Each structure stands twice: as structure tokens, then as C-alpha cells.
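See below for the structure under consideration.
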Amino acid sequence: MITISIADDHRILREGLRRILDEASDMKVIDEASNGREIIEKVRENRPDIVLLDISMPDMDGLDATKHIHGLFPELPILILTVHPARQYAVRILRAGAKGYLNKQAAPEELIDAVRKVCAGQRYLSPEASEELALQLIGDGANFSPVESLSDRELQVLCLIANGRKTTEIAEELCLSIKTVNTYRSRVLEKLHLRNNAELTRFAIKNNLGK
């Protein structure tokens, strides 16, 4: 039996995932969490066979949670299930330690297949993610996205600003000082050639980076 822990800040989505996975004869969801910190504690306590993570979650997002869980349990498979485009996140997530990347629009059968393959020691990438990795490997400059110039932390700050978070809230969520958050914000503005938070928000929406 494959035991599964799920982390997503939308309860209705967690319940939907649980129903799909529990209907498989060889799978059982043993934990649910609504944020990164909570799923880390669940994983520590119950040691599932696989963790399914969303990227955009409060109080530690999926990227940081992936890094943390991978650091604690390097052999534990992590499958990212998200609405975010592979172009912006697939490579970052794999570098952080995840074994798979799947869009939430995937069919239930594909989700079941992905869980089984990742638990068997294989990687699983959606067609979109596979294509993006191929483009990055061949260095196709025509497909370069400005977001790729951002560090993981800069991308997190960008997304939080776009979601309406204040600097103090971002600092608290990412465990950073306000000064450090402002530094990251300045770097993002410079790298993306933007002038203010309004332009950052428009950029994030255009590139499907917001919630």
C-alpha cells in the first residue's frame, strides 16, 4: 500500500485528491496539510511513501517545503501538483529535490500513474514540463523567459507581492528581515525592468505567477 501525504491550501482540492487516490486499490492518503510548515511536521510524524505538494501555499510555499523535506529525507519522493506553468517552476522544483511535476488539469488516471512511477523510483514530468526541460537543455534563446533570471527567493517575493502581501507579511512568511525583503524586491524590479509593485503584479498575472 502506497501511503500519501497531501499539502494544498485549498480544502476542496485536497478532498478531491483524497477521493481520487483512495479509490486506487494500492493507495491511501494518510495526511493532509494546508501549508509547507504543517506538511513538514506531518512527514516527520508519519513518514509517508510519497508527498504531493502544491507550490503556492501560505506559511512556507511548496518550493521551500520541497527543499526542507528533501534535506530531511532525501529518499522520500515528492510530486508537485500545481496550476503554475512548467516554464516558471519545473526546473526549480526538480533542483529542489522533487521527483515529479504534474499540472492540476491532468486526468485522474495520469495522477495515479505519476504516483506509482515516482514511488517506483522514476521521475514523472507532464508533457509540458518535459518540453520545457528539453528547451532549456538545448539553450533555445527564443524561449527564454525573464523569470528564469530570478533566484528562487526573488521569485517567491515577486509572487507574494503580486498576491497583495505587504512587506511585513512577506518578511514574516519567509523568515526574513524587512530590509532583506526590500532588497529582493529591488533586485526583481531591476532584473525585470519594472518600476513599482503595480507593474510587478501585472507581470505576475501575465506570466501566470499569481494564485
Helix-only [θ] at 222 nm, the chain, -39500 (n - 2.57) per DSSP H run of 4+, per residue, nearest 500, equals -16500 deg cm²/dmol
If neighbour count is taken as other Cβ atoms inside 10 Å, put LYS67, LYS99 in order from fewest to most.
LYS67, LYS99
Run the quick spin-label model on SER177 and ARG95: label points 7 Å from Cα toward the beta carbon, then report their separation in nm to one decimal.
2.6
Within 10 Å of each residue's Cβ, count the other Cβ atoms and sort ILE80, ILE161 from fewest upward.
ILE161, ILE80
Highest-fluctuation residue, ALA65, ALA198, ALA98 considered, GNM on the chain with Cα pairs under 10 Å
ALA198
Does region 2-138 come out rounded, prolate or oblate, given a ≥ b ≥ c as the square roots of the eigenvalues of its C-alpha gyration tensor, rounded meaning a/c under 1.5 and, failing that, prolate meaning a/b above b/c?
rounded
Just subtract the alpha-carbon distance of ASN163 and LEU72 from 0.36 nm times their residue separation and send over the number in nm, one decimal.
29.8 nm
My understanding is that a pair violates if its Cα-Cα distance is over 26 Å; which of LYS166/LYS191; LYS104/LYS191; LYS28/LYS99; LYS28/LYS117; LYS99/LYS179 do that in this structure?
LYS104/LYS191; LYS99/LYS179
Checking GLU169, GLU190, GLU15 against a Gaussian network model of the chain (alpha-carbon springs below 10 Å), the top fluctuating residue turns out to be GLU190
So how much slack lies between LEU13 and LYS104, counting 0.36 nm per residue of separation and subtracting their Cα-Cα distance, in nm?
31.8 nm
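Taken together, the values in this text are just the output of simple stated rules run on the coordinates, not laboratory data. All values reported here derive from a predicted model rather than from experimental measurement. Cβ coordinates were reconstructed from backbone atoms using ideal geometry, including for glycine residues, and neighbour counts include every protein chain displayed.
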